[in-house]
Amino acid sequence: MNYSPIFSLDEVIKDLTNINENLSSTLLRFQTFAWEIENQDMLTFLKNEFAGYKDVKLVPDYRMIAPTELEINYEFENCPNTTTYFIRDKKPIIITESISIIEKWANDFIKYENPISVIRKEITIEEAYEFLPEGNKMYLKEQWKLDLNYAMLHLNASSMVEILNNVRSKFVFFGMELRKKFGSKIDINNFENQKPIINQIIYNFMKTEIHNTGDGNVVNTGNDSNVLSK
């Protein structure tokens, strides 16, 4: 008797709707499914979610978060000083970190029940200048080039929960679309003739829910930024 890998749509939908279930584990099951049906588009997307995005052009819109404050630390008369600016022009930044890291931030936020908790994301001088209030730009720009110790963007930690909820919602929709067409379980070994149909559903899902261009008003803070909880 041949081994028949079964992809249970009821199980993955149940796990996706349970916020106590690890999202990374559920996405791994979708990755196995995508590998079985040889869908490279979904495999690439999930690989980026697990490893973090190296190409910012591939980052979905749900990973674009508006920072709340800009924190700078600089030397003035040989003394370190820290100034925090409220960001009024809330240009979103791109969160490139892996889904497991985002889950950790979200879980820490939920665990400690701290609604004012923030994520602090380190950025460069040039990036910090993009978020500086207009009236301060000319005054501080030259000073920063010489004496800046570090710059951080503050992100509301609840935004990490929103990213996870977005992913859950999108994959519940995808799972329901498959279930509507094929029932509660998919037997991969006996599904060769149905692969074109499944891949069309995946194509539609990726096009409408994942691949999107946004409005272009985004600040790229790079792929090597350090992010710290506060």
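The values are calculated or read from the model by the stated rules, or taken from the named source; none is laboratory data. Everything numeric in this text was worked out from a predicted model, so none of it was measured. Here the Cβ is made from the backbone with ideal geometry for all residues, glycine too, and neighbour counts use every protein chain on show. Ligands, DNA and RNA are stripped out before the accessible areas are found, and what is left, the full protein with its side chains, is counted by its heavy atoms. Shrake-Rupley method; radii C 1.70, N 1.55, O 1.52, S 1.80 Å.
Here Phe45 does not fit the description of being surrounded by 13 or more Cβ atoms within 10 Å (Cβ to Cβ), under 30 Å from Asp187 (Cα atoms) and in contact with a strand residue (DSSP E or B) (Cβ under 7 Å, 6 or more places away or on another chain). The requirement of being among the β-branched types (Val, Ile, Thr), more than 18 Å from Asn189 (Cβ to Cβ) and either more than 22 Å from the chain's Cα centre (by Cα) or open to solvent by 80 Å² or more (accessible area, probe 1.4 Å) (or both) is fulfilled nowhere in the range 25-38; no residue meets it. Residues in the range 85-99 that are surrounded by 13 or more Cβ atoms within 10 Å (Cβ to Cβ), out of contact with any Phe, Trp or Tyr (no Cβ under 7 Å at 6 or more places or on another chain) and not charged (D, E, K, R): Tyr85, Pro92, Ile93, Ile94, Ile95. Counting only residues that are open to solvent by 20 Å² or more (accessible area, probe 1.4 Å), touching a residue at least 60 places away in the same chain (Cβ under 8 Å) and polar (S, T, N, Q), the range 143-164 holds 3 of them. Of all the numbered requirements in (1) open to solvent by 30 Å² or more (accessible area, probe 1.4 Å); (2) among the small types (Gly, Ala, Ser); (3) on the phi > 0 side of the Ramachandran plot, Gly52 misses one, and that requirement is (1). Inspect the range 57-65 for any residue being in contact with a strand residue (DSSP E or B) (Cβ under 7 Å, 6 or more places away or on another chain) and open to solvent by 20 Å² or more (accessible area, probe 1.4 Å) and give the result as yes or no. Within the range 57-65, one or more residues are in contact with a strand residue (DSSP E or B) (Cβ under 7 Å, 6 or more places away or on another chain) and open to solvent by 20 Å² or more (accessible area, probe 1.4 Å).
Scanning the range 106-131 for residues that are charged (D, E, K, R) and modelled with pLDDT of 80 or more yields Asp108, Arg120, Lys121, Glu122, Glu127, Glu130.
So, in the range 117-133, exactly how many residues are free of Cβ contacts under 8 Å to residues at least 60 places away in the same chain and either under 16 Å from Ala157 (Cβ atoms) or hydrophobic (A, V, I, L, M, F, W, C) (or both)? Residues that pass the stated criteria total 2.
From the list Leu58, Leu70, which one is touching a Leu at 6+ places or on another chain (Cβ under 8 Å) and at negative phi? Write out each step before concluding.
On the way: Leu58 fails: touching a Leu at 6+ places or on another chain (Cβ under 8 Å).
Within the list Leu58, Leu70, the selection yields Leu70.
Which ones in the range 81-117 are touching an Asp or Glu at 6+ places or on another chain (Cβ under 8 Å) and assigned to a strand (DSSP E or B)?
Initially, the range 81-117 is screened for residues touching an Asp or Glu at 6+ places or on another chain (Cβ under 8 Å), giving 81-87, 91, 98-99, 117.
Within the range 81-117, Asn81, Thr82, Thr83, Thr84, Tyr85, Phe86 meet the criteria.
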